[in-house]
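Worksheet: the structure to be examined is printed underneath.
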Amino acid sequence: MSQPDELEAFRARAREWLLANVPARPSFKLPQTFLEVEAREQLEWLRDWQRRLYDAGYLGFDVPEEYGGRGVDRERRRVVTEELVRARAPFLVNFIGLEWAGPTILTFGTEAQKRRMLPPLLRGDELWCQGFSEPAAGSDLASLQTRAVRQADGTYRVTGHKVWTTVAHFASWMILLARTDPAANKYAGISYFLFPMDATGVTVEPLLKMTGEGGFNQVLFDDAPSPADSLLGEEGQGWTIAMTTLTFERGAAETHARERAAALLAQLGRVVELAREREREGAPALADPVLADRIAQLWIECAAIGLSMARTRAPALNAERPFALPLMNKLVSSEWNQRLAELATELLGADAALWLDDPRAPHGGDWTRGYMNSFGMTIGGGTSEILRNVIGERVLGLPKGK
C-alpha cells in the first residue's frame, strides 16, 4: 500500500499525464457509456484510449503483477479514478471485463485461467460480454434454460438464447451461465463458463434502443462447442459465482463504489453548469430559488449515496446484512441519476426535443440522450421493482406480497 507522500507524487504524475493525453472528441459520435458502443470506429477509438492508459501504468491496480496488473493497490486505483473524473476522460470500453469478469476470474479462476484471461482483458485487447439474462429469465435469473452438455472428452456443447448482451458483437469472450444439470434444483444445476465468442454455432443479432443506438444484442447458441477449461469453478457452482459477479455489477466492491460516487458528483456538477448557462426570464436558471432548491436536494442525496457507498469499506457495518448496501446503492443511485437527467432535459425546455443529428441541439443532444439511456440503468443489474422486492424480502425479512 502506498504511503501518503508517495500517493500525492503519484497523483501529480497521473494528473500531468492525463492533461497531456486525454484525447479530444473525435469527429464521429461517441457513446455515453459502454452500453451503446455500436460502431467499429467507436470501439477502436475507445480501445486505443484504454490501451494507452494501461501502457502508461495507470490501469490494473486491482490485479497482481503476475496476471498483467500493477499489483493490488486500492489507494492508487482510487487516485486514478478521481483524476479520470477530474479530467473528464473517456470511459473504459472493456467495462464488463474490468469490473465483472476480471474480479470474478481472480476470485474463482485456476492459475491457467488467470494467466490466460487477465492480461489481454486489462489492456482491452480482448473484450468481454455477459450472458446471464434470457427472454424468459431476466429478473428470475435462476430460471434460465440455456443448456451446456458435457461431452465424453470433457468439452461442452451449448444451446440456448441470451438477450441484452452488451458489446457481444465485438466481444472475444462471454461470462456465460448455463444449465448443466436440468434434474437438479434450479439454483444447483447452473454452471459458469468463460465462453469463446468465436465458437461455431454462435449467432449475434443487434437490438436497437429507443435512442436508435445499438450496443445491445441477443446471442443464439446452436450446439456451440466450449472447451473443457472454459468451466469456471466446479459444475453446479454457477449460481454462487454469479452472485459474486452481480455483487461487482451492483457496485458492492470498494473500488467500484468509489468510482460511482465520484461519477455521480461529476454529473451533478455538469447539471449545475447547465443551470448557469440556460436562461429563465432573462436570468440564469440557477437564480430560480425553486430550481436551486431542487439541485440542493439532489446534492444532499448525492452526498448520502457517497457515504452509503463508503460504508462498503467497513466490514463491521455490513456483517449483519451483507447484501443490503449493494442492493440499496444500486437502486438509489440509478434512480437518482434518472431524476438528474430529467432535470437537465427540463432545463433545456423545448430544445430538449432536438436530437443528436440537429446542429442546434445543445451539447450535441447529449442531455436528452442521457435521460433516455437512464432507463436502462434502472433495469440492468436488477430492475428497481425487483430490487425493492429483494430488499424487502431477503434483507428486511418482510413477507412476500400476494
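The values are calculated or read from the model by the stated rules, or taken from the named source; none is laboratory data. Source: prediction; values computed, not measured. Backbone-built Cβ (ideal geometry, glycine too); neighbour counts: all protein chains shown.
The number of residues in the stretch 73-89 being touching a Ser or Thr at 6+ places or on another chain (Cβ under 7 Å), acidic (Asp, Glu) and part of a helix (DSSP H, G or I) comes to 1.
Close contacts from the stretch 53-82, counting a first residue that is assigned by TED's automatic domain parsing to the domain that holds Glu8 and a second that is of a type in the set (Asp, Glu) and part of a helix (DSSP H, G or I), with Cβ to Cβ under 8 Å and a gap of 6+ residues or different chains, come to Gly71/Glu65; Arg74/Glu254; Thr81/Glu259.
Name the one entry in Arg321, Arg278 that is of a type in the set (Lys, Arg), more than 21 Å from Glu82 (Cβ to Cβ), in the same structural domain as Gly380 (by TED's automatic domain parsing) and at pLDDT 90 or above. Give the steps one after another, and end with the answer.
On the way: Arg321 fails: at pLDDT 90 or above.
Result of the check over Arg321, Arg278: Arg278.
I want to confirm something. Restricting to the stretch 111-138 and keeping residues that are more than 17 Å from Leu98 (Cβ to Cβ) and crowded, with 17+ Cβ neighbours inside 10 Å, which single residue is modelled with the lowest pLDDT? Per the stated criteria, the residue is Gly138.
Within the stretch 55-72, which residues are in a helix (DSSP H, G or I) and either surrounded by fewer than 21 Cβ atoms within 10 Å (Cβ to Cβ) or among the charged types (D, E, K, R) (or both)? Within the stretch 55-72, Asp55, Glu65, Glu66 meet the criteria. Here Ser27 passes the criteria (1) of a type in the set (Ser, Thr, Tyr); (2) within 19 Å of the chain's Cα centre (by Cα); (3) at pLDDT 90 or above except the one numbered (2). Among the residues of the stretch 90-103, are any of a type in the set (Val, Ile, Thr), assigned to a loop (DSSP other than H, G, I, E, B), in contact with a helix residue (DSSP H, G or I) (Cβ under 8 Å, 6 or more places away or on another chain) and buried (at least 18 other Cβ atoms within 10 Å of the Cβ)? For the stretch 90-103, residues of a type in the set (Val, Ile, Thr), assigned to a loop (DSSP other than H, G, I, E, B), in contact with a helix residue (DSSP H, G or I) (Cβ under 8 Å, 6 or more places away or on another chain) and buried (at least 18 other Cβ atoms within 10 Å of the Cβ): present.
Just a yes or no: is a residue in the stretch 357-373 over 27 Å from Lys209 (Cβ atoms), of a type in the set (Phe, Trp, Tyr), out of contact with any strand residue (DSSP E or B) (no Cβ under 8 Å at 6 or more places or on another chain) and surrounded by 14 or more Cβ atoms within 10 Å (Cβ to Cβ)? Give the derivation first.
Restricting attention to the stretch 357-373, the residues satisfying the condition of being over 27 Å from Lys209 (Cβ atoms) are none.
No, there is no match, as no residue in the stretch 357-373 is over 27 Å from Lys209 (Cβ atoms), of a type in the set (Phe, Trp, Tyr), out of contact with any strand residue (DSSP E or B) (no Cβ under 8 Å at 6 or more places or on another chain) and surrounded by 14 or more Cβ atoms within 10 Å (Cβ to Cβ).
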